[in-house]
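Since every read-out is calculated from the coordinates, none of them should be taken as a lab result. Just so it is clear, the model here is predicted, and its values are computed rather than measured. Reconstructed Cβ throughout: ideal geometry from the backbone, glycine too, with neighbour counts over all protein chains shown.
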Amino acid sequence: RAVELWTDYVRRSPEGAGHLVNRLERAFFELGRFGDLERFYESLLAEGRPAAPLRLALARMALRKGDAARALGWIEDLLQLEPAHAAAQTWRLYLLGEAGRAEEARKRLRQAVDATLAGAEEATCPECAQANPLTALRCPACRAWLSDPVSGRPGGSPSGH
């Protein structure tokens, strides 16, 4: 009965299925119907439902079966729909290595690190949204305080005045 309730919930709201994925996998495995769960998820996706939890679940199921390339395919599909999906980006790095594409994983990881370092060189003014060097205390455009020179905290006037 629980499996029916869970699958009905996932059918109605696949984007909110993340918390049920582990329970469903365990239940279907214990019932000897693990393949049915995979087909169920795939049928929901075939209906055009952009559900990240289902794609992540299918990737994990493929990886458990030893098919890293198929798992990576599910993650790539998800990233086509949601390029900024953090979990999918992490999974992609891991699966690239598992699929024998370690050099590509290193390249993508390096790009991600470089992007965070590039973003760390500037601060955005809370008043006018002007980009300023991290070393600036005041925004040259509007003269708003970028950081409190006494406490070092971002934004606001010096020492709260």
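For the stretch 60-99, enumerate the residues that are touching a residue at least 12 places away in the same chain (Cβ under 8 Å), outside any helix (DSSP H, G or I) and surrounded by fewer than 16 Cβ atoms within 10 Å (Cβ to Cβ).
Selection gives E82 alone.
Only one of L56, L45, L20 is farther than 28 Å from A112 by Cα, out of contact with any Lys or Arg (no Cβ under 9 Å at 6 or more places or on another chain) and hydrophobic (A, V, I, L, M, F, W, C). Can you tell me which?
On the way: L56 fails: farther than 28 Å from A112 by Cα; L45 fails: out of contact with any Lys or Arg (no Cβ under 9 Å at 6 or more places or on another chain).
Only one candidate passes the filter, namely L20.
Working only within the stretch 10-19, note down all residues that are free of Cβ contacts under 8 Å to residues at least 24 places away in the same chain and either out of contact with any Pro (no Cβ under 9 Å at 6 or more places or on another chain) or crowded, with 20+ Cβ neighbours inside 10 Å (or both). Walk me through how you get there before you give the answer.
Going residue by residue through the stretch 10-19, those that are free of Cβ contacts under 8 Å to residues at least 24 places away in the same chain are 12-13, 19.
Those that are free of Cβ contacts under 8 Å to residues at least 24 places away in the same chain and either out of contact with any Pro (no Cβ under 9 Å at 6 or more places or on another chain) or crowded, with 20+ Cβ neighbours inside 10 Å (or both): R12, S13.
What number of residues within the stretch 1-36 satisfy the criterion of being under 20 Å from A52 (Cα atoms), small (G, A, S) and in a helix (DSSP H, G or I)?
Total satisfying the criteria: 4.
For the stretch 39-59, what are the residues that are assigned to a helix (DSSP H, G or I) and over 18 Å from the mean Cα position of the chain (by Cα)?
The first filter runs over the stretch 39-59 and keeps only residues assigned to a helix (DSSP H, G or I), leaving 39-46, 52-59.
The answer is R39, F40, Y41, E42, S43, L44, L45, A46.
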